[in-house]
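Just so you know, all these numbers are worked out from the coordinates, no wet-lab data involved. All figures in this text were calculated on a predicted structure; none of them were measured in a lab. All Cβ positions, glycine included, derive from the backbone under ideal geometry; neighbour counts span all protein chains shown.
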Amino acid sequence: MPSILPPGITPYYERNGIAIVHVDCRDILPLLVSASCDLVLTDPPYEAEAHTKGRRIHDQRTNVIRSAPLTFTPIDADLRAFAGCHMARLSRRWTLVFCQIEAAMLWRDALEAGGARYMRTMVWAKPNGQPQLTGDRPGMGYESIVTAHALAASRWNGGGRLGWFLYPTDANFSRTPRWHETQKPITLMRDLVTLFSDPGDLILDPFMGSGTTLRAAADLGRRAIGIEISEAYCAVAAQRLQQESMPLDFKQERERIVQPERFESMAEDI
Ligand SMILES: C[S@@+](CC[C@H](N)C(=O)[O-])C[C@H]1O[C@@H](n2cnc3c(N)ncnc32)[C@H](O)[C@@H]1O
């Protein structure tokens, strides 16, 4: 199979239409051709205040949970403006960016500056989200997904479905392996891939982490490029991609998420 990367870019890993590039995304995004991806689906670093208490550490000895800072650098205004502009330029259809609610309008501005059209901010609700350890205000319990589209007419696979997802995090006590400090649940990423792309499409994740977007893309017959600055996370992502997974039936996945008959019967009632 020919490489899905443009000439001159060396992959850290490439197999069956899925490629990882170990590089600062600022060094490679300008080299990619405009409108060459169908979907940008990414989970960049969050704002500085979220990073200072972004990890939960469970002390087995005392059975106490405390928070600790994340080990990678938070987003800053320059990186947001740069990445937002390029992501909008590179996607011929959707761009989906995870963030905390306080940053949603900052990402909207960054994507619009690149020529995309803001569509919606979706919600991932986390029933096992981090409790408010200070106890002086409500805990957060959800993350936002800023959703934009290229200026062309939009289409997705969700019909009238709501942009709302309910999945537990892969946090402490979960049986899912901990690949990354802030990994997204594979089930959530598969829903987003199913809803916002089609089989064979090319997905770009410029802040790949442990490669959950790429794993979901591979499971659902999409091609994907992941970019990651940390070599350790590139290695983890490559390891995840080498594991065999059960190929998913695209049609069944779509029907499970969208349940179109529900919308059809609602339409009759209106
Ligand atoms: C929030 S994490 C992504 C986690 C991922 N969604 C997962 O499920 O594993 C963001 C990642 O972006 C990476 N990163 C930060 N700045 C970067 C840059 N300039 N270029 C490429 N990767 C970067 C960090 O090393 C980190 O692994």
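Couple of notes before you dig in:
- Remark: the range 220-227, residue by residue, has Karplus-estimated 3J(HN,Hα) of 10, x, 9, 8, 7, 10, x, 10 Hz, where x stands for each Gly or Pro and the curve is 6.51 cos²θ - 1.76 cosθ + 1.60 at θ = phi - 60°.
- Here's how it looks for R120: its modeled amide H is under 5 Å from those of T147, which are all 5 or more places away or on a different chain.
- Toward the positive end of the charge dipole of the chain, with +1 on the Cβ of Lys and Arg and -1 on the Cβ of Asp and Glu, the farthest Cα among I9, L31, T213 is that of T213.
- Relative to the Cα centre, the charge distribution of the chain, modelled as +1 at Lys and Arg Cβ and -1 at Asp and Glu Cβ, gives a dipole magnitude of about 280 debye.
- Along principal axes, Cα extents of the range 103-249, largest first, whole Å: 45, 40, 31
- Point-to-point label distance, Q60-E231, nm (Cα→Cβ direction, 7 Å offset): 3.0 nm
- Inter-label distance, T134 to Q243: 3.6 nm, where each label sits 7 Å from its Cα along the C-beta direction.
- Derived scalar couplings between HN and Hα for the range 135-142 equal x, 9, 6, x, x, 7, x, 7 Hz in order, rounded to whole Hz, by the Karplus curve 6.51 cos²θ - 1.76 cosθ + 1.60 (θ = phi - 60°), x for Gly and Pro.
- More than 33 Å apart - percent of Cα-Cα pairs taken over the range 13-259: 14 percent
- A simple rule links phi to the HN-Hα coupling: the Karplus curve 6.51 cos²θ - 1.76 cosθ + 1.60 with θ = phi - 60°, which for the range 107-122 gives 5, 4, 4, 5, 6, 5, 5, x, x, 8, 10, 5, 10, 5, 10, 8 Hz, with x for Gly and Pro.
- Charge dipole (the chain, unit charges on Cβ, about Cα centre) - positive-most of L162, G141, S230: G141
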